[in-house]
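Here the structure comes first, spelled out in structure tokens, and everything after it is commentary.
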2 protein chains.
Amino acid sequence: VELDDPVVADEKLSDSELLEAWPVLSTEDRVEGFEILSREQAERIFDQLSARDQAELLLALPLGERRIWMRYLSPDDAADLIQEAAQQQREQLLATLDDAARREILALLAYKEDEAGGLMNPRYARLRPEMTVDQALSYLRRQSRQQTENIYYAYVLDADQKLVGVVSLRELVSSPPGRTVRELMKPDVVRVNEQMDQEAVSNVFAANDLVMLPVVDDQGRMKGVVTADDIVDVVREEATEDIQKMGGTAALDAPYLQVAPFEMLRKRGVWLALLLLAEFFTVAAMHQSQDKLQAVLVLAIFIPLIIASGGNCGSQAATLVVRAMALGELRLRDWWRVARRELAMGLTLGSTLAAIAFAMVYVWHALSTELGQHFLLIGAVVAASIVAVSAWGTLLGSMLPFALRSFGLDPASASTPLVATILDGTGMVIYFAVAGLLLRGTLL
Amino acid sequence: VELDDPVVADEKLSDSELLEAWPVLSTEDRVEGFEILSREQAERIFDQLSARDQAELLLALPLGERRIWMRYLSPDDAADLIQEAAQQQREQLLATLDDAARREILALLAYKEDEAGGLMNPRYARLRPEMTVDQALSYLRRQSRQQTENIYYAYVLDADQKLVGVVSLRELVSSPPGRTVRELMKPDVVRVNEQMDQEAVSNVFAANDLVMLPVVDDQGRMKGVVTADDIVDVVREEATEDIQKMGGTAALDAPYLQVAPFEMLRKRGVWLALLLLAEFFTVAAMHQSQDKLQAVLVLAIFIPLIIASGGNCGSQAATLVVRAMALGELRLRDWWRVARRELAMGLTLGSTLAAIAFAMVYVWHALSTELGQHFLLIGAVVAASIVAVSAWGTLLGSMLPFALRSFGLDPASASTPLVATILDGTGMVIYFAVAGLLLRGTLL
């Protein structure tokens, strides 16, 4: 994409080319380009922009255009967009809406973005229990024209707006017209509280194979519905965030190719710099043991092997625990069970690795005599260190996510680079302690 | 859970306790317990078992029970279950079904488990374009009783079973009875080919905010539908697999607490052992440079810092690229763009890290004189190595997923421990090469 030309003015650009170019375009180019696009392509592009990009664009568009696009959005998407705008600009955006829509959106804005209330659509099909099938169908037809497309499941509310049942459009169309909604409805409706975190909401969806899920307040009053297509997005976003954090970056919050270079540097560089500083503890630990290295230089060449074993065991344990927590398979109270399990796992894995490493040292000595007469002692130091470092690494990696969560932090911050860095320093201390113990009186 | 008692016979066990105990129960206990459970709880447990566990259980149940459970399953779930059974047992399971269901399932078994065909439900609502709204509604009512619950979107097929349009139940119920389906239907239906990989299917779902997606063959003939609730499961499973692979284990394919200890050891131990063996290349690289260590022992204490910088940069790059590939944001042909971008990123990140490390060395010298008179040279070796190792690590981490995919392998196998291990060895070679170059004539 040539940035000297007004790229978006070239109508032949595909959606994906346009979206990739978006972050590096000036606001003027965006506005100019957006007005030139066919209505259809403009809608497709607009749908795929992040809420922040949508807000920036709308605030730069002339008032008439801005009104059209605000009304194009469903209430939940409009609320997301407004949330991204600065305080004084929110008024400008809300002013483009009619009274009813504005009230709806103000109600949604009271929720956090990542809880059920912030995810739900406040428009859904509602029925009264005393309606007949015939009345219900004609009422749903009217709602489908005026209000909502989600009429496949209609929620049955009592006079206090409390959710008392659900009935599907399918059941209504295949039932005799005189029966009542109360007779047809299923009274046990799986539901979530408006304040439930979106990750937990997606776990409810997956466990029950749902296509739509009602959201209620503390009193059981119906507030809106979350649909499976929103949950597909939530699951992808949450997984992407976790994967990126586990890999040791801040969450990108945008497609890889659409992140501007400086933003990308910041999201990766800050973590790298912190990890580098932490690595100086390892330098300090080694510095403390320099006399041992001086005496037995061969100890140095096994350092990467030892600390990598700890790091790898820790990465595995952290990854498995973080993912199991995200899927709702592990809760805080499971920490003790996991600790025992992972300690046993770490000792077993460590013993296996130690046996392999000892065998390699033995073979090495058989092939050349470079390790000297004390090769068995060297092998023992390496093997014992691997057992200790693996067990410690597995335990630390599995417990760090629990510790983070218990402080209200994201368990996925227990990234593999962070775990590996902690294990570099502590692994080194363990290694030289073991060497001091086993080599005293012989090599040291 | 006490394993001496017949645990599942205790009806007061909750679903989650039962599911957690499942892997360690004997087949007899499972069968006995399953027959004691209430029908409702049995269904809930059965739904949450993996296809493999379902198959094992059914083959142990008496014939009458087996028939009931096989008929309880939808065709796509039944096909998944049969796929898990051994060849000679498949006949036994298929024999429990009536002819029509058997034919449906045999057709599904021709697909791979992770492609659109293996994911779809072959039962969906179908209409002809020439039907009137009235005819269509009564035809859908009949299909909803006999065939499928998925009547919210009806697919319009021509005489060759080719997909020509889609119409929603909502549009049908709110249209005049005399209009034809052809007039109402939307002719441009987003569809996927039966052989499309499930990850790509989930990307189509997410990009179009769908609740149901038709699957067609190469000739455009309709084969079935994939629904959003299946996609929620696919997205979760695929993300879990990727996260676990990126963390350096084989994919668990089951909830963390339900994996039997030996299975868990195998899935983690094999990778750890391979990584340990690979780490011996690092040992060999260090052994080659032992003379340099002998001469300048202070070089040894910066080793973990240098190789960790490479590993961290590589982990970040690999993680971002693997996830972007999974989300469909990056394709194979993008490799050159990513390579240039990541090389620039690596050099910039590396320079920043190098500056920090050089400053730390300078401060260290200012606080004590332990680094000796050549501290500036030591700092220069460390800084130059960090730039080189970071750039190399970022490039390698971003390119490894492309290389794996171009060989038809899973990009997520470019796990952070694997990337870190490769960078341990190569980072060491770079470090000693830089040291050899900069210290020649002074310290070496």
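The values are calculated or read from the model by the stated rules, or taken from the named source; none is laboratory data. Only a predicted model underlies this, so the values are computations on that prediction, with no experimental measurement involved. Cβ placement follows ideal geometry from the backbone for every residue including glycine, while neighbour counts extend to all protein chains displayed. In case anyone asks, the SASA skips ligands and DNA or RNA and just uses the protein heavy atoms, side chains included. Shrake-Rupley method; radii C 1.70, N 1.55, O 1.52, S 1.80 Å.
Residues that are open to solvent by 40 Å² or more (accessible area, probe 1.4 Å), of a type in the set (A, V, I, L, M) and away from every other protein chain (no Cβ under 13 Å) within segment A:354-383 comprise A:ALA366, A:LEU376, A:LEU377, listed in sequence order.
Within the set A:LEU275, A:LEU299, the sole residue that is open to solvent by less than 40 Å² (accessible area, probe 1.4 Å) and facing chain B (nearest Cβ under 7 Å) turns out to be A:LEU275.
Answer with yes or no whether B:GLU104 is away from every other protein chain (no Cβ under 14 Å), in a helix (DSSP H, G or I), out of contact with any Cys (no Cβ under 9 Å at 6 or more places or on another chain) and modelled with pLDDT under 90. Yes; evaluated as a whole, the condition is true for this residue. So, in segment A:170-205, exactly how many residues are under 23 Å from A:ILE231 (Cβ atoms) and in contact (Cβ under 8 Å) with a residue 40 or more places away in the chain? Summing the residues that are under 23 Å from A:ILE231 (Cβ atoms) and in contact (Cβ under 8 Å) with a residue 40 or more places away in the chain in segment A:170-205 gives 11.
Open to solvent by 10 Å² or more (accessible area, probe 1.4 Å) and more than 7 Å from chain B (Cβ to nearest Cβ): which single residue out of A:GLN294, A:GLN288 fits that description? I'd like the intermediate steps shown before the answer.
Values: A:GLN294 fails: more than 7 Å from chain B (Cβ to nearest Cβ).
Among A:GLN294, A:GLN288, only A:GLN288 is open to solvent by 10 Å² or more (accessible area, probe 1.4 Å) and more than 7 Å from chain B (Cβ to nearest Cβ).
Taking B:ASP230 as the residue in question, decide whether it is more than 7 Å from every other protein chain (Cβ to nearest Cβ) and at positive phi. The answer is no for B:ASP230.
Screening A:ALA250 on (1) more than 8 Å from every other protein chain (Cβ to nearest Cβ); (2) over 27 Å from A:GLN135 (Cβ atoms); (3) open to solvent by 40 Å² or more (accessible area, probe 1.4 Å); (4) not polar (S, T, N, Q) shows it passes everything except condition (3). Residues that are touching a strand residue (DSSP E or B) at 6+ places or on another chain (Cβ under 8 Å) and within 11 Å of another protein chain (Cβ to nearest Cβ) were ranked within segment A:209-219; the one that is surrounded by the fewest Cβ atoms within 10 Å (Cβ to Cβ) is A:VAL211. Of the helices (runs of 4 or more DSSP H) entirely within segment A:51-91, those holding at least 1 residues that are closer than 16 Å to A:ALA107 by Cβ and open to solvent by 40 Å² or more (accessible area, probe 1.4 Å) occupy A:75-84.
Residues are listed down the side, and each one gets a yes or a no for (1) modelled with pLDDT under 90; (2) in contact with a strand residue (DSSP E or B) (Cβ under 6 Å, 6 or more places away or on another chain); (3) of a type in the set (A, V, I, L, M, F, W, C):
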position	(1), (2), (3)
A:MET345	no, no, yes
A:GLY350	no, no, no
A:VAL361	no, no, yes
A:PHE375	yes, no, yes
A:ALA380	no, no, yes
A:VAL389	no, no, yes
A:TRP392	no, no, yes
A:SER406	no, no, no
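Considering each of A:ARG266, A:ARG323, A:ARG333 in turn, give the residue that is closer than 25 Å to A:PHE402 by Cβ and surrounded by fewer than 18 Cβ atoms within 10 Å (Cβ to Cβ).
Numbers: A:ARG266 fails: closer than 25 Å to A:PHE402 by Cβ; A:ARG323 fails: surrounded by fewer than 18 Cβ atoms within 10 Å (Cβ to Cβ).
Result of the check over A:ARG266, A:ARG323, A:ARG333: A:ARG333.
Can you name the residue in segment B:392-444 that is outside any helix (DSSP H, G or I) and open to solvent by less than 30 Å² (accessible area, probe 1.4 Å) and is also farthest from B:ARG331 (Cα to Cα) among such residues? Checked segment B:392-444; the qualifying residue farthest from B:ARG331 (Cα to Cα) is B:SER415.
When the residues of segment A:233-247 are narrowed to those that are under 20 Å from A:LEU275 (Cβ atoms) and more than 8 Å from chain B (Cβ to nearest Cβ), which ends up surrounded by the fewest Cβ atoms within 10 Å (Cβ to Cβ)? If we take residues in segment A:233-247 being under 20 Å from A:LEU275 (Cβ atoms) and more than 8 Å from chain B (Cβ to nearest Cβ), then A:GLU241 is surrounded by the fewest Cβ atoms within 10 Å (Cβ to Cβ). Could you grab me the full set of residues in segment B:41-100 that are within 19 Å of B:LEU25 (Cα to Cα), within 14 Å of chain A (Cβ to nearest Cβ) and within 23 Å of the chain's Cα centre (by Cα)? Residues satisfying the conditions are B:ASP47, B:GLN48, B:LEU49, B:SER50. None of A:VAL164, A:VAL156, A:VAL133 is buried (at least 20 other Cβ atoms within 10 Å of the Cβ) and without any contact (Cβ under 8 Å) to a residue 40 or more places away in the chain except A:VAL156.
Entry remark, segment B:164-193: residues being within 39 Å of the chain's Cα centre (by Cα) and part of a loop (DSSP other than H, G, I, E, B) number 6 in total.
Pull out all pairs, ordered by first then second residue, where Cβ-Cβ is under 7 Å, the residues are six or more apart or on different chains, the first lies in segment B:258-272 and is within 8 Å of chain A (Cβ to nearest Cβ), and the second is among the β-branched types (Val, Ile, Thr) and open to solvent by less than 70 Å² (accessible area, probe 1.4 Å). What qualifies is B:LEU265/A:THR348; B:ARG268/B:THR249; B:TRP271/B:THR249.
Residues being of a type in the set (Val, Ile, Thr) and either buried (at least 16 other Cβ atoms within 10 Å of the Cβ) or closer than 19 Å to A:ASP230 by Cα (or both): count how many of those fall in segment A:35-50.
1
Looking only at residues that are assigned to a helix (DSSP H, G or I) and charged (D, E, K, R) in segment B:215-240, which one is nearest to A:ASP230 (Cα to Cα)? Among those residues, the one meeting the criterion is B:ASP229.
Is it fair to say B:GLY224 is open to solvent by 30 Å² or more (accessible area, probe 1.4 Å), out of contact with any His (no Cβ under 8 Å at 6 or more places or on another chain) and in contact (Cβ under 8 Å) with a residue 40 or more places away in the chain?
no
If you go through segment B:194-208 and keep only what is assigned to a helix (DSSP H, G or I) and touching a strand residue (DSSP E or B) at 6+ places or on another chain (Cβ under 7 Å), you end up with B:GLN198, B:VAL201, B:VAL204, B:PHE205. Remark: pairs (first residue in segment B:423-444, away from chain A (no Cβ under 14 Å) and within 12 Å of B:SER390 (Cα to Cα); second residue open to solvent by 70 Å² or more (accessible area, probe 1.4 Å) and modelled with pLDDT under 90; Cβ separation under 8 Å; 6+ apart in sequence or on different chains) are absent.
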